[in-house]
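Single-structure report; data block below.
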Amino acid sequence: MSKNFMSGLLSLVLGAIYFFTATQFPEVTAGDRTGPKLFPLIIGSVAMIAGGLLCVLDRRSGKSKPIEWGFVADRAVWSKILVIMLLGISYGLVLDSWGYLVATTIFMFCITMLINRGHFVQNLLISILFPVVTYAAFAVALQLSLPRGIIENMLPF
């Protein structure tokens, strides 16, 4: 088995779990018409399709190399992946209580500082502008609900 096949298989399994979990969300008749199910169902479907395609294309290529993940040789890369995963889990845990603007700004700043070292001002601008622009587009213009927290509860809209 190759890395591509294993990655595709992992994407297929995680996508299926994500899709199944999304189907368990309750039906919501109030609020936005799309409800909380649509986006997670799309994400799960895309992950399963991409994983399946990766597995099929890897098998068709016939270039199956043994798996060498390079945990020791690429320790810095794997460490960043682990930190990003932990930050993502932490972001999900605090998103409701802190609100979209605060949680996303801090999450984006941590990620950009990890990936784009040495560019403090650029990282800070990205970390502030991305949540503000997306909040304005989705919560204000499209009137979709995003988690409201400390700052959002003080806003007049």
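Assorted remarks:
- Residues (of a type in the set (Val, Ile, Thr) and more than 11 Å from Pro131 (Cα to Cα)) located in region 80-108: Ile81, Val83, Ile84, Ile89, Val94
- Just one of the numbered conditions (1) closer than 20 Å to Asn4 by Cβ; (2) exposed (fewer than 12 other Cβ atoms within 10 Å of the Cβ); (3) at pLDDT 80 or above; (4) more than 17 Å from the chain's Cα centre (by Cα) is not true of Glu68: (3).
- Residue count for region 135-157 under the criterion of being touching a residue at least 24 places away in the same chain (Cβ under 8 Å) and within 17 Å of Trp98 (Cα to Cα): the result is 11.
- Residue within region 67-87 that is of a type in the set (S, T, N, Q) and assigned by TED's automatic domain parsing to the domain that holds Val28 present: no
- Criterion (in contact with a Leu (Cβ under 7 Å, 6 or more places away or on another chain), at pLDDT below 90 and among the small types (Gly, Ala, Ser)) met by exactly one of Ala139, Ala47: Ala139
- Residue in region 45-59 that is among the charged types (D, E, K, R), more than 30 Å from Ala136 (Cβ to Cβ) and not in a loop (DSSP other than H, G, I, E, B) present: yes
- Filtered residues of region 91-107 (kept if farther than 13 Å from Ile150 by Cβ and either in contact with a Cys (Cβ under 9 Å, 6 or more places away or on another chain) or among the aromatic types (Phe, Trp, Tyr) (or both)): Tyr91, Phe107
Residue-by-condition table, conditions (1) in contact (Cβ under 8 Å) with a residue 40 or more places away in the chain; (2) of a type outside the set (Phe, Trp, Tyr); (3) touching a Pro at 6+ places or on another chain (Cβ under 6 Å):
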| residue | (1), (2), (3) |
| --- | --- |
| Thr23 | no, yes, no |
| Ser61 | no, yes, no |
| Met85 | no, yes, no |
| Val102 | yes, yes, no |
| Gly118 | no, yes, no |
| Phe130 | no, no, no |
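- Residue in region 120-128 that is farther than 21 Å from Pro147 by Cβ, surrounded by 15 or more Cβ atoms within 10 Å (Cβ to Cβ) and not assigned by TED's automatic domain parsing to the domain that holds Leu10 present: yes
- Tallying residues that are out of contact with any helix residue (DSSP H, G or I) (no Cβ under 9 Å at 6 or more places or on another chain) and of a type in the set (Gly, Ala, Ser) within region 49-90 yields 4.
The values are calculated or read from the model by the stated rules, or taken from the named source; none is laboratory data. No experiment lies behind these values; they were computed from the predicted model shown. Positions of Cβ are backbone-derived with ideal geometry, glycine not excepted, and every protein chain shown enters the neighbour counts.
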